[in-house]
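Student: Have a look at the structure that comes next, please.
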Amino acid sequence: MNPIAIRILDWYAHHRRDLPWRNTRDPYPIWVSEVMLQQTQVDTVIPYYQRFLLRFPTLETLAKAPYQKVLKAWENLGYYVRARHLHEAAIKVLNEMEGEVPDSREKLMALPGIGSYTASAILSIAFGQRVPAVDGNVKRVMCRLFALHGPIDQKEIQDQIYTLANDLVPAGDPGAFNQAMMELGATVCIPRRPSCHDCPVQNVCLAFLKGIQATLPVLGKKNRIPHRHMTAAIIRDGKGRLLIVQRLENGLLGGLWKFPGGMCQPEEDPEKGLRRTMQEELGLRISVGERVTSVRHAYSHFRVTLHAYRCDGLRARPKALSCREWRWVVQAHLSRFPFSKVDRQIIKAL
Ligand code: SF4
């Protein structure tokens, strides 16, 4: 076994965190945890993972659950497309693969939402296959360990990282090694101020030996994150019920419920934008009243400020023109529907 791998595995044996998905070789919970961990911190994931596994303890229970139940279990975890892909993939595995999570990269990557990293994590941890699982943490460790200077988003550097990581993975327990590398990146070789003095590979780490660990990895150019304004209409019927709509499945936050309204065009006044989007979404002419609240939120590629207004003047029956469906719901029942974090903040302000 490569001496670097021996040190990392030895360190891991003494420093591994007791995370709930660490003690299983069952591919289904490993898959769920890897999907939840995409773009999300471990501490945030733990309670969601535990609740999700209680609600959907097997792949079959997940595949047979209505999508709205899956979304509800995912509510507030963000990046909802992950939930949709996981559910679609579970259905595919149940219907087309006799309910067995496949043990080949090709078949795994043919499932919705499974990319190269997730496939490698499942193959190595659940099936003991000797493949490197290279996530953002591992990329950082590799760039420093081997003093790789190129921008980390370039294919050439990514290929180099993969080749070097592939050489390190031991045949004996590739899953443990991959998890050890992730753990090292998450707890020791952290983005800013890595704890080199606690690191098991300090005396072979080229970046440390050259004193350049703080300068690596070299990040690619970041594009400016755009900021958009959105609007939402708070409309009550004669019985005091609120009008809510379900988003289209394939769009942003697909399948979640929200208050009607939408994205303003650049430079468009929010009230004007609300009147326009209400026409486009539900075919309704409304009059816009007082502002209830404005909520800011950051998505992966843009930031939004959502302005919610009380509206009235509803003279027609809504038509689901660019939403899946609409409903009148008493306020106390809103908790039964999956909403995004931003819409939950509006509900709090009502
Ligand atoms: Fe990272 Fe420092 Fe360890 Fe090198 S010595 S791998 S820079 S923590």
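Student: Give me the pairs, please: first residue somewhere in the range 84-96 and farther than 12 Å from residue 108 by Cα, second residue anywhere and open to solvent by 50 Å² or more (accessible area, probe 1.4 Å) and not charged (D, E, K, R), beta-carbon distance under 9 Å, and either six or more positions apart or on two chains.
Tutor: Listed by first residue and then by second, the contacts come to 84/250.
Student: Hey, another quick one. Suppose we filter the range 160-205 for residues that are assigned to a loop (DSSP other than H, G, I, E, B) and of a type outside the set (Ser, Thr, Tyr); how many remain? Walk me through it before giving the result.
Tutor: Initial filter on the range 160-205 (assigned to a loop (DSSP other than H, G, I, E, B)): 169-173, 188-195, 199-201, 205.
Subsequent filtering for residues that are of a type outside the set (Ser, Thr, Tyr) retains 169-173, 188-194, 199-201, 205.
Residues flagged as assigned to a loop (DSSP other than H, G, I, E, B) and of a type outside the set (Ser, Thr, Tyr) within the range 160-205 amount to 16.
Student: Here's a check for you: in the range 10-41, which residue that is open to solvent by 70 Å² or more (accessible area, probe 1.4 Å) and under 21 Å from residue 84 (Cα atoms) is farthest from the chain's Cα centre (by Cα)?
Tutor: Looking at the filtered set, the residue picked out is 41.
Student: Now for a separate question. I'd like to check which strands (runs of 3 or more DSSP E) are fully inside the range 242-350 and have at least 1 residues that are under 26 Å from residue 68 (Cα atoms) and in the same structural domain as residue 83 (by TED's automatic domain parsing).
Tutor: On the way: elements: 242-246, 287-298, 303-312, 325-329.
The strands (runs of 3 or more DSSP E) meeting that bar number zero.
Student: Hey, among 169, 201, 218, which residue is farther than 20 Å from residue 119 by Cα, among the β-branched types (Val, Ile, Thr) and buried (at least 18 other Cβ atoms within 10 Å of the Cβ)?
Tutor: Answer to the check: 201.
Okay, residues lined up against (1) under 24 Å from residue 3 (Cβ atoms); (2) modelled with pLDDT of 95 or more; (3) out of contact with any helix residue (DSSP H, G or I) (no Cβ under 9 Å at 6 or more places or on another chain):
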{"site": "93", "(1), (2), (3)": "no, yes, no"}
{"site": "123", "(1), (2), (3)": "no, yes, no"}
{"site": "132", "(1), (2), (3)": "yes, yes, no"}
{"site": "153", "(1), (2), (3)": "no, no, yes"}
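Yes/no per residue for (1) in contact (Cβ under 8 Å) with a residue 60 or more places away in the chain; (2) touching a Lys or Arg at 6+ places or on another chain (Cβ under 9 Å); (3) over 19 Å from residue 252 (Cβ atoms):
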{"position": "300", "(1), (2), (3)": "yes, no, no"}
{"position": "305", "(1), (2), (3)": "yes, yes, no"}
{"position": "317", "(1), (2), (3)": "no, no, yes"}
{"position": "327", "(1), (2), (3)": "yes, yes, yes"}
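Student: Here is a follow-up. Residues of the range 226-279 being open to solvent by 70 Å² or more (accessible area, probe 1.4 Å), in contact with a Lys or Arg (Cβ under 7 Å, 6 or more places away or on another chain) and within 16 Å of residue 303 (Cα to Cα), which ones?
Tutor: 227
Student: State yes or no: is residue 84 outside the structural domain of residue 250 (by TED's automatic domain parsing), open to solvent by less than 70 Å² (accessible area, probe 1.4 Å) and among the basic types (Lys, Arg)?
Tutor: yes
Student: On to the next question. Could you list, in sequence order, the residues of the range 126-148 that are within 12 Å of the ligand (Cβ to nearest atom), open to solvent by 20 Å² or more (accessible area, probe 1.4 Å) and under 30 Å from residue 100 (Cα atoms)?
Tutor: 137
Student: Between residues in the range 180-199 that are among the β-branched types (Val, Ile, Thr) and modelled with pLDDT of 95 or more and residues that are within 10 Å of the ligand (Cβ to nearest atom) and not in a loop (DSSP other than H, G, I, E, B), which pairs lie under 7 Å by C-beta distance while being six or more apart or on different chains?
Tutor: 188/198
Student: Also, I was wondering about something else. Scan the range 310-339 for residues that are out of contact with any strand residue (DSSP E or B) (no Cβ under 7 Å at 6 or more places or on another chain) and small (Gly, Ala, Ser) and jot them down.
Tutor: Selection gives 316, 322, 332, 335.
Student: Please go through the range 131-152 and give me each residue that is under 21 Å from residue 179 (Cβ atoms) and not aliphatic (A, V, I, L, M), ordered by number.
Tutor: Of the residues in the range 131-152, the ones under 21 Å from residue 179 (Cβ atoms) are 131-146.
Within the range 131-152, 132, 135, 136, 137, 139, 140, 143, 144, 146 meet the criteria.
Student: Here is a list of conditions, (1) farther than 26 Å from residue 302 by Cα; (2) open to solvent by 30 Å² or more (accessible area, probe 1.4 Å), and residue 151 meets all of them except one; can you say which number that is?
Tutor: So residue 151 meets the others, but not (1).
Student: Please determine, by comparing only the residues of the range 187-205 that are among the hydrophobic types (A, V, I, L, M, F, W, C) and within 6 Å of the ligand (Cβ to nearest atom), which one is nearest to residue 145 (Cα to Cα).
Tutor: If we take residues in the range 187-205 being among the hydrophobic types (A, V, I, L, M, F, W, C) and within 6 Å of the ligand (Cβ to nearest atom), then 205 is nearest to residue 145 (Cα to Cα).
Student: For residues in the range 206-215 being more than 8 Å from the ligand (Cβ to nearest atom) and of a type outside the set (A, V, I, L, M), which is most open to solvent (accessible area, probe 1.4 Å)?
Tutor: So, considering only residues that are more than 8 Å from the ligand (Cβ to nearest atom) and of a type outside the set (A, V, I, L, M), the one most open to solvent (accessible area, probe 1.4 Å) is 210.
The values are calculated or read from the model by the stated rules, or taken from the named source; none is laboratory data. These numbers come from a predicted model, not from an experiment. Cβ: placed from backbone, ideal geometry, glycine included. Neighbour counts: every protein chain shown. Heads up: the accessible areas ignore ligands, DNA and RNA and are worked out on the full protein's heavy atoms, side chains in. Shrake-Rupley method; radii C 1.70, N 1.55, O 1.52, S 1.80 Å.
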